[in-house]
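The values are calculated or read from the model by the stated rules, or taken from the named source; none is laboratory data. Just so it is clear, the model here is predicted, and its values are computed rather than measured. Here the Cβ positions follow ideal geometry from the backbone for every residue, glycine too, while neighbour counts run over all protein chains shown.
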Amino acid sequence: MIDLRQYGYTETETPADGMIPGRVTEQHRDHYIVICRQGEVQAFLKGSFIYGARVRDDLPCVGDYVLLKYNESGPSQLESLLPRRSKFSRSDSFGHSVGHVKANREQVVAANFDFVFILTSLNLDFNVNRVARYITQAWQSGGQPVIVLTKADLTEDFSHQLDAVREIAPGVPVHACSSRSGYGLEGLEVYLQPCKTIVFLGMSGVGKSSLLNALMNEDVMEVSAIREDDSRGRHTTTHRRLFMLPSGAMVIDTPGMRELGIVAADEGISAGFKDVEDLFGLCRFSDCRHTAEPGCAVLAAIADGSLSHKHWERYLAQKRENKYVDDKRAYLQEVRDRGKSIAKFSRQIKKHGKK
């Protein structure tokens, strides 16, 4: 028998008869692998669960705690999703359209984690703006962001990259390490505690698989070479999966994501740019637009160098993108609701006649 508490489970409700709790450890196209007291089992979604899901974030993902109808002689049935304490999402455009607008929906990548390891490599593909976007979504997720600069063995001096990351992420821990040499890995041990869950995020080629192998003390993931011309890699991880480390901590590895859409990230932006928003209350006018108004604390901070212009531009860019996504989501929901009302009215007309 497996004690699910080792996988971070805390009993929040008594399952109905015939149901047992479990945690999703792998997500495939048509099935899930779930760890429960009987061990790892293959599970399929209950039909009503699929058709009853309102949006994609209602469906299980790796890290979720679920209730199963266990079948000892075959695949089990995944009955319901237990409440999440954290989740990482991205904007997912997948071809469905409403009218002439392509729908952006929320795709949940991982759930129920404590730390978000944002991995970026110290090579030609190092990009501060991309790290800033990951930080915003990490704060929004409910997890603690931790920036991990990988492949430290490839450069003799990475102080410039460290300074650049610390500038955009005040208060966020930053670690430089090398999975090949072992440099800096001891600094990650503070997060690798029993029952804690870490999600790895980053583009292909940043070294997620190499770091996982180093923390597991064995090669559990294939490692691919990166392109020499731009230091970018190809996907090694093909599906999301949860690994149990020797320390008792868990890691959720995710396929590399080149594009990361901002999704309903007001809280994440406020947390990631607290230094910027703290200035707003110091402006002379409460409705200051921070463009040319007298007594603007933002403009004064940019002028004296205490706020970098690049950091301010990153804040504005993320606020614009977040507003665009939120406005489009609201518009699409309005169109869908209107369509449902028309369909309902049409059914009533057919049922009762013109009368």
Original post:
What is the residue count in region 176-203 for residues that are under 26 Å from ASN129 (Cα atoms) and out of contact with any Phe, Trp or Tyr (no Cβ under 9 Å at 6 or more places or on another chain)?
Top reply: 7
**OP:** List every residue pair whose Cβ atoms lie under 8 Å apart, where the two residues are 6 or more positions apart in sequence or sit on different chains, the first residue falls within region 276-293 and is outside the structural domain of ILE168 (by TED's automatic domain parsing) and surrounded by 11 or more Cβ atoms within 10 Å (Cβ to Cβ), and the second residue, located anywhere, is part of a loop (DSSP other than H, G, I, E, B) and acidic (Asp, Glu).
**Re:** CYS283/GLU293
Original post:
What number of residues within region 158-193 are surrounded by fewer than 20 Cβ atoms within 10 Å (Cβ to Cβ), assigned to a loop (DSSP other than H, G, I, E, B), of a type outside the set (A, V, I, L, M, F, W, C) and modelled with pLDDT of 90 or more?
Top reply: 7
Subject >> Pick from region 94-126, criterion of a type in the set (Gly, Ala, Ser) and at pLDDT 90 or above, ranking: farthest from PRO60 (Cα to Cα) >> reply: SER121
**OP:** Scan region 1-20 residue by residue and report those that are surrounded by 10 or more Cβ atoms within 10 Å (Cβ to Cβ) and in contact with a Lys or Arg (Cβ under 8 Å, 6 or more places away or on another chain).
**Re:** ILE2, LEU4, TYR7, GLY8, TYR9, GLY18, MET19, ILE20
Original post:
Scanning for something without any contact (Cβ under 8 Å) to a residue 24 or more places away in the chain and surrounded by fewer than 23 Cβ atoms within 10 Å (Cβ to Cβ), does region 194-212 turn up at least one residue?
Top reply: no
Original post:
Among all residue pairs at least 6 apart or on different chains, which show Cβ distances below 9 Å where the first residue, located in region 19-36, is assigned by TED's automatic domain parsing to the domain that holds GLU79 and outside any strand (DSSP E or B) and the second is buried (at least 18 other Cβ atoms within 10 Å of the Cβ) and of a type in the set (Gly, Ala, Ser)?
Top reply: HIS31/ALA43
**OP:** Look through region 54-93, keep the residues that are at pLDDT below 90 and touching a Ser or Thr at 6+ places or on another chain (Cβ under 7 Å), and return whichever of them is surrounded by the most Cβ atoms within 10 Å (Cβ to Cβ).
**Re:** PHE88
**OP:** Look through region 218-251, keep the residues that are modelled with pLDDT of 90 or more and either assigned to a loop (DSSP other than H, G, I, E, B) or among the hydroxyl-bearing types (Ser, Thr, Tyr) (or both), and return whichever of them is nearest to the chain's Cα centre (by Cα).
**Re:** ALA249
